[in-house]
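These notes are about the structure you will find just below.
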Ligand code: HPA
């Protein structure tokens with residue numbers, strides 16, 4: 001009798017879904033259930049619709065800036081701005097050096113959307129929340145994503161204040177925004193990452209640097225979850241595995257953007273350098289100050305790249 005009841009319940013689709021939801025929730029991974037993924041997509045569509053109702057032109061290029069780099073939005077002629085809190089379903093930024101504004105504008109007639117301030121795993125956001133703005137950009141039809149971040153230098157070639165074009169990355173965050181049911185309308189189940197950072201955009205950035213007399217390095221960015229900074233042993237490890245710079249952002253957004261079939265350009269400002277033989281504490285105020293003072297260089301590169309896209 002008991003067996004028959006169990007079999008009858010198991011054969012009932014609704015019952016199976018309820019069990020699946022309970023299992024997902026008890027595993028503390030609510031983002032992996034199918035219903036949650038559908039509602040996430042729905043939220044991105046709603047946020048995009050809200051923005052479409054206010055803007056005149058759909059953006060082609062998305063900019064995503066980080067620590068102290070909000071000023072690099074000066075690359076843009078701004079026509080409209082929204083506080084994140086006024087956009088349906090948008091998370092709120094909790095980091096002081098991040099502005100929390102979504103800007104619309106143009107660079108020489110090219111319509112642009114720019115996020116001043118991003119969401120990080122270390123703030124407690126899930127990978128889906130961190131990448132929500134990328135999904136909204138995808139829904140708006142953005143084809144190119146330019147990201148900037150502050151990073152610690154690991155390669156002896158790098159000096160404080162330098163700019164580094166991200167040629168590739170190493171995901172050490174322990175997270176991936178594509179875990180869970182794949183939203184087929186957004187991209188493939190197993191996106192290829194052999195050229196996550198677009199070669200043509202890298203060349204455009206290199207040329208922009210040459211034209212403007214700005215020294216640009218190229219290297220591998222290692223992304224950690226943070227927020228604690230790296231120990232000397234971790235620095236040695238990161239150097240050994242081929243990382244040139246380290247930071248707490250960018251990786252999740254780039255994975256979502258590649259899944260969305262966007263062309264990606266990543267730029268790091270080296271705000272501090274790590275020498276495992278002479279470890280010095282990284283001071284957050286100094287990191288922000290260096291990022292701020294390097295922002296004009298970054299704005300020049302972004303502007304020149306956007307013009308040439
Ligand atoms: N580590 C991690 N993130 C960073 C650093 C660093 O040294 N500098 C700027 N962001």
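On a full-extension model of 0.36 nm per residue, what is the gain between residue 45 and residue 122, subtracting their alpha-carbon distance, rounded to one decimal in nm?
Values: separation 77, 0.36 × 77 = 27.72 nm, distance 2.60 nm.
Result for the pair: 25.1 nm of gain on full extension.
How compact and how long is segment 235-309, expressed as Rg and Dmax of its alpha-carbon atoms in Å?
Taking only Cα atoms of segment 235-309, I get Rg and Dmax of 15.2, 43 Å.
Please give the peptides 250-262, 227-239, 171-183 ranked by average Cβ packing (other Cβ atoms within 10 Å per residue), highest first, as a rough proxy for protection. Please report the intermediate quantities before stating the final value.
Working: 250-262: 24.6, 227-239: 15.3, 171-183: 16.8.
So the peptides 250-262, 227-239, 171-183, ranked by packing, come out 250-262, 171-183, 227-239.
Highest mean first, how do 114-125, 81-92 rank when packing is the count of other Cβ atoms within 10 Å averaged over residues?
Order by mean packing, descending: 114-125, 81-92.
Percent of Cα-Cα pairs per 10 Å bin, from 0 to the last occupied bin, for segment 140-235, please list those.
P(r) over segment 140-235, rounded to whole percents: 11, 37, 34, 16, 2.
Order these by the 10 Å Cβ neighbour count, fewest first: 132, 190. List each step's numbers first, then the result.
Details: 132 24, 190 9.
Ordered from fewest to most neighbouring Cβ atoms within 10 Å, 132, 190 come out as 190, 132.
Which value in Å is the Kirkwood Rh of the chain over different Cα pairs?
Details: mean 1/r = 0.0493 Å⁻¹.
Taking the inverse mean of 1/r over all distinct Cα pairs, the chain comes out at 20.3 Å.
If I model a spin label as a point 7 Å beyond the Cα along the Cα-Cβ vector, how far apart are those points for residue 34 and residue 293 in nm?
5.6
From the P(r) of segment 101-166, can you give the percent of Cα pairs sitting at distances over 16 Å? Could you put the intermediate results ahead of the total?
Working: 1300 of 2145 pairs.
Pairs farther apart than 16 Å: 61 percent.
Roughly what % of DSSP beta bridges within segment 34-308 run antiparallel, to the nearest 5?
On the way: 18 of 48 bridges.
Once the DSSP bridges in segment 34-308 are tallied, antiparallel ones form about 40 percent.
Starting from the Cα of residue 185, move 7 Å in the Cα-to-Cβ direction to define the label point; list residues of segment 129-161 whose amide nitrogen is under 17 Å from there.
Residues 132-142 qualify, since their backbone N sits under 17 Å from the label point.
Read-outs throughout are calculated quantities, based only on the coordinates presented, and are distinct from any laboratory measurement. It should be emphasised that the depicted structure is a prediction, and the values quoted were computed from it without experimental measurement. Every residue, glycine among them, receives a Cβ derived from its backbone with ideal geometry; neighbour counts consider all protein chains shown.
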